[in-house]
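To keep things clear, I will list the structure first and then write my remarks on it.
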Amino acid sequence: MTSYPNEKLTVKNLRKSFGDNLVLEDVSLNLMENEFVSLIGASGSGKSTIFNIISGLMLPDKGQVIINGQDYTGRTGRVSYMYQKDLLLPWLKVIDNVSLPLVIRGEDKKKAREKAAGYFETFGLDGFEDKYPFQLSGGMRQRAALLRTYLFSSDIMLLDEPFAALDAITRSYMHYWLLRTLKKLNSSVLFITHDIDEAILLSDRIYILSDRPAKIKEEIEIPLSRPRNKEVTTTELFNDIKKHILEIFAN
Amino acid sequence: MKVKKENSNKLIPLILVLLLVAVWEAVVRGGLVPRFILPSPIDVLKVFVTTIPDMKEHILVTLQEALTGFAIAIIFSLILAMAMDRFPAVKKALYPLLIVSQTIPIIILAPLFILWFGFGMLPKIIVVVLVCFFPIIISLLEGLNSVDLDMINLLKSMGASKAQIFKIVKLPASMVGLFSGLRIAATYSIMGAVIGEWLGGDKGIGFYIVRVKHSFAVDKVFAATLVVIILSMLLFKVITIIQNLSMPWFRYVEQKK
Ligand SMILES: Nc1ncnc2c1ncn2[C@@H]1O[C@H](COP(=O)(O)OP(=O)(O)OP(=O)(O)O)[C@@H](O)[C@H]1O
Ligand SMILES: [Mg+2]
């Protein structure tokens, strides 16, 4: 639907094993500016490992991570990474949790708070600045974690099953909230999920991973027009894509 | 609901203690044991009230020794735990020594300290440091080790330095453990000071107990023991209050459970 002039992130021929366990055989993928790309694969197929490598926490045995044309293999601190768990620090108020990446970067605490506070409305956290994480609902915690991720690095975000722990109703709410919010944010997102509907609804493209050792089994464009709403999920096109993905997994 | 349960939790031990004290009182009143060997609880309370002015000076000395030793132990443990956390080699080298140091009976060490450092406060403070140090550093190290690795990785992915990770994640995460160690150490600190005074000195509750024991004033021994119990409980309570004040988030965690 859009043309992407800029390639933000390129992952080239990643290979990774843990001892005898070959997890990634040969994984290449890319992410364009403002694009939303999902990775789907069975549990244990190596999705989180790919994120660990892109974020620089792990070194691949082979392959490269290139961001904006520069080699970032094994270097942390460039892309933001949101884990499956919200990982909010229980001893910090929401405002301090969220502004943590700015403080780590060396910004003044007060300035960091002010900057973070400006996003509380967009992220549906208005009025909860001085609460502790325990006082938030699951959806709010996830949004707080997402805001923290966004404040760390807004241009490339890696989201590892961010909504997996939520109940179906909250998760669905979060999907439409995310679709609305991302329009304002100018971010490129790489998204891991087990949920095929979620992937189709949110993504511009989907990569399907094979079982371990992981390779890219197929790359699927999602030509659903934006803005997307609830009606999209009942269209024929949506169902055809879903059928196609299910068939790939059945093989 | 919650409040009720908490109250009944406190009520049960209280009833038990009252029951035991009542039995004790009855046994002494019934003449089963002569009073000069075992005074009755009411006798002890009476003596406690009348001897408090005598004991006051000794209580202050004991408190001073206990608190000084306790504070030194906290500082020591913090520094050492930080070093052991940062440099695994330091931990490997010192951890076994820490354990071994705890196997030497304090009752052997204390007289040596008196021999080396005289009858003043110093040897008592050293004893207090020795008995407090262990529970504090062990709980601190355990706390530092129990930190969620994903939290550390998250901070690493944000480019945090080791010092930042320690300050933002590791230290706060180990606070819960640290405070349980501090509570144990707080009660040990009074005991340590009393043992030190018992074995040599001219001031403090421990010294006072020895003196009244020599004059066969068993009721005064009991009254002084009551002082030791009260001081230990007070310190214990103070630590809990500090914990609640310094970790408002911890109460929420507890409530959630
Ligand atoms: N640090 C590590 N050391 C050893 N083995 C690892 C490590 N990290 C991952 N693995 C192994 O790599 C494989 C893939 O793990 P990974 O977490 O990437 O899977 P995943 O696709 O994210 O699974 P899930 O969908 O369940 O989250 C697993 O077999 C796992 O045991
Ligand atoms: Mg995973």
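Please treat every number below as a calculation from the coordinates, not as lab data. These numbers come from a predicted model, not from an experiment. Cβ sites come from the backbone with ideal geometry, for glycine too, and all protein chains shown count toward neighbours.
Remark: C-alpha extents of segment A:88-152 on the principal axes read 30, 24, 18 Å, sorted largest to smallest. Spacing of the modelled spin labels on A:Leu185 and A:Phe18, each 7 Å from Cα toward Cβ, amounts to 2.8 nm.
Please figure out what share of the DSSP beta bridges in chain A is antiparallel and state it in percent, rounded to the nearest 5.
Working: 20 of 39 bridges.
So the antiparallel bridges in chain A amount to around 50 percent.
In this simple spin-label model, placing a label point 7 Å from the Cα along the Cα-to-Cβ direction at both A:Leu237 and B:Arg29 gives a separation of 9.2 nm.
Note on segment A:142-189: Cα Rg divided by 2.2 N^0.38 Å, N the number of residues, gives 1.11. In terms of surrounding Cβ atoms within a 10 Å radius of their Cβ, B:Val49, B:Val90, B:Val61 rank from fewest to most as B:Val49, B:Val90, B:Val61.
When only the Cβ of Lys, Arg, Asp and Glu is charged (+1, +1, -1, -1), the dipole of the protein assembly as shown relative to its Cα centre reaches about 1280 debye.
Mean partner shielding of peptide B:148-155, defined as the number of other chain Cβ atoms within 10 Å of each residue Cβ, is 5.
Only bridges whose two residues both fall in the protein assembly as shown count here: according to DSSP, what percent of them are antiparallel, nearest 5?
Numbers: 20 of 39 bridges.
Antiparallel: roughly 50 percent of the beta bridges in the protein assembly as shown.
Sorting the segments A:94-103, A:242-251 by their residues' average number of neighbouring beta-carbon atoms within 10 angstrom, most packed first, yields A:94-103, A:242-251. Given the C-alpha centroids of segment B:218-246 and segment A:124-202, what is the distance between them in whole angstrom? Between the Cα centres of segment B:218-246 and segment A:124-202 lies a distance of 50 Å. Averaging 1/r over every pair of different alpha carbons in segment A:203-251 and inverting the result gives a Kirkwood radius of 11.9 Å. As a proxy for reagent exposure, A:Lys215, B:Lys167, B:Lys124 were ordered by neighbouring Cβ count within 10 angstrom, fewest first; the result is B:Lys167, A:Lys215, B:Lys124. Annotation: amide H of A:Asn68 within the under-5 Å range of A:Leu9, A:Thr10, sequence separation 5 or more or interchain, hydrogens built in the peptide plane. With the convex hull drawn around the C-alpha atoms of the protein assembly as shown, the volume per residue stands at 214 Å³.
About its Cα centre, the dipole of chain B is roughly 620 debye, where the only charges are +1 on Lys and Arg Cβ and -1 on Asp and Glu Cβ.
Scaled to the compact-protein estimate 2.2 N^0.38 Å, what is the alpha-carbon radius of gyration of segment B:50-251, rounded to two decimal places? Intermediate results must be reported in sequence, preceding the final value.
Values: Rg = 19.7 Å, N = 202, 2.2 N^0.38 = 16.5 Å.
Output field value: 1.19.
Partner lysines whose Cα lies under 17 Å from the Cα of A:Lys62, excluding those fewer than 8 positions away in the same chain, are identified as A:Lys12, A:Lys16, A:Lys47, A:Lys215. Per residue of peptide B:49-57, the mean number of Cβ atoms on other chains within 10 Å of the residue Cβ is 0. Placing unit charges on each Cβ (+1 for Lys and Arg, -1 for Asp and Glu) gives the protein assembly as shown a dipole about its Cα centre, and among B:Met175, A:Gly106, A:Leu158 the Cα reaching farthest toward its positive end belongs to B:Met175. The GluC sites (Glu not before Pro) of segment A:41-121 meeting both criteria, a DSSP state outside H, G, I, E and B (loop) and at most 15 other C-beta atoms within 10 angstrom of the site's C-beta, are A:Glu107, A:Glu121. With θ taken as phi - 60° and the Karplus curve 6.51 cos²θ - 1.76 cosθ + 1.60 applied, the whole-hertz 3J(HN,Hα) list for segment A:88-103 is 6, 7, x, 8, 10, 5, 3, 4, 6, 4, 5, 8, 3, x, 5, 5 Hz, x standing for glycine and proline.
Each residue of segment A:39-48 was assigned a 3J(HN,Hα) from its phi angle through the Karplus expression (A = 6.51, B = -1.76, C = 1.60, θ = phi - 60°), giving 10, 10, x, 5, 4, x, 7, x, 5, 5 Hz with x at Gly and Pro. Taking only the Cα atoms of chain A, the radius of gyration and Dmax are 18.1, 55 Å. Over all pairs of different C-alpha atoms, segment B:172-211 has a mean inverse distance whose reciprocal, the Kirkwood radius, equals 11.4 Å.
For A:Asp108 and A:Leu57, calculate 0.36 nm times their separation in residues minus their Cα-Cα distance, and state this gained length in nm to one decimal. Please report the intermediate quantities before stating the final value.
Details: separation 51, 0.36 × 51 = 18.36 nm, distance 2.62 nm.
My answer for the length gained is 15.7 nm.
Mean per-residue shielding of peptide A:80-93 is 5, counting Cβ atoms of other chains within 10 Å of each Cβ. Note on B:Lys10 and A:Ala117: the model spin-label points, each 7 Å out from Cα along the C-beta direction, lie 3.8 nm apart. Arranged from fewest to most other beta-carbon atoms within 10 Å of their beta carbon, A:Thr235, B:Thr68 become A:Thr235, B:Thr68.
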